[in-house]
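Data first, discussion second: the structure below is written as structure tokens.
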Amino acid sequence: MSTEKKNMSIRLPETVRQWIGEQADQNGRSISGEIAYRMKRMMELEGAAKKSHA
């Protein structure tokens, strides 16, 4: 998997943006870093779930 980072714009409801901003602050990450962390974590969890059902 490439570690190269690409820019991406997403639209979020204001409540989601506020929540992810609060989570980022609590975890010492930028909003972008928090989103990337959570997406990567979901990829890991879904991969583990698919393997356990195989």
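The values are calculated or read from the model by the stated rules, or taken from the named source; none is laboratory data. In this text the structure is predicted, and so the values were computed from the model without any measurement. Heads up, the Cβs are rebuilt from the backbone with ideal geometry, glycines too, and the neighbour counts pull from every protein chain shown.
Of all the criteria given as (1) of a type outside the set (S, T, N, Q); (2) surrounded by 10 or more Cβ atoms within 10 Å (Cβ to Cβ); (3) part of a helix (DSSP H, G or I), the one not satisfied by residue 50 is (2).
So, in the stretch 1-24, of the ones that are among the polar types (S, T, N, Q) and modelled with pLDDT of 95 or more, which residue ends up surrounded by the most Cβ atoms within 10 Å (Cβ to Cβ)? Step through it out loud before you land on a result.
Going through the stretch 1-24, the residues among the polar types (S, T, N, Q) turn out to be 2-3, 7, 9, 15, 18, 23.
Then drop every residue that is not modelled with pLDDT of 95 or more, which leaves 15, 18, 23.
Details: 15: 8, 18: 11, 23: 15.
Selected residue: 23.
Residue pairs whose Cβ atoms lie under 9 Å apart, separated by 6 or more positions or on different chains, with the first residue in the stretch 11-32 and part of a loop (DSSP other than H, G, I, E, B) and the second hydroxyl-bearing (Ser, Thr, Tyr) and surrounded by 11 or more Cβ atoms within 10 Å (Cβ to Cβ), are 29/37. Evaluated against (1) over 11 Å from the mean Cα position of the chain (by Cα); (2) at pLDDT 95 or above, residue 37 falls short on exactly one condition, (1).
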